[in-house]
Amino acid sequence: MEGAEAEILPEVQRVSGASNTGRDEDERNPFALAADLTALASIHATNAEALIAEAERKLEFLLNECAQLDLECEKIFEQAQEQEKPPEEPPQVQVKEPAPTQATATPSSKENGSEPARFIPKVTRITPKTARLLPKRK
């Protein structure tokens, strides 16, 4: 922090025209204070402009980089889609074979077809025996 103040103070003193020897006397002088404030404001404006310009350059660089990466991603995505597509072949005529005849099903198996019966668990509620909860007799 002191290094930054050392860089700013010579400019402030140069602008206000005050020397190091009479600095204590000028602290109450409104014209010297106004000159110092003006110098600090101009330094602040210059630094702000430099920071804005640097931020704009970095932002422009990042935007360009993002655009390039976006193009590369699109190319990779298109290549991946081309690889996933099966090669187009003329449709082949499939010969259907007659299905073997099945025996007639029993009435109970007609509902489910050839699938086995579904397992449905039987839910029973267990009630605790009251004798276990009562205190023991002495």
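Values quoted throughout were computed directly from the atomic coordinates according to the rules given, and no laboratory measurement underlies them. Keep in mind it's a predicted model, so treat the numbers as computed, not measured. As a convention, Cβ positions derive from the backbone with ideal geometry for all residues, glycine included, and neighbour counts pool all protein chains shown.
Compared with the alpha-carbon gap, the fully stretched path from residue 29 to residue 125 is longer by 25.0 nm at 0.36 nm per residue.
With R₀ set to 41 Å, the beta-carbon distance separating residue 81 from residue 46 gives a calculated FRET efficiency near 0.20.
Residue exposure proxy: 76, 43, ordered by other Cβ atoms within 10 angstrom of their Cβ from fewest to most, comes out as 76, 43.
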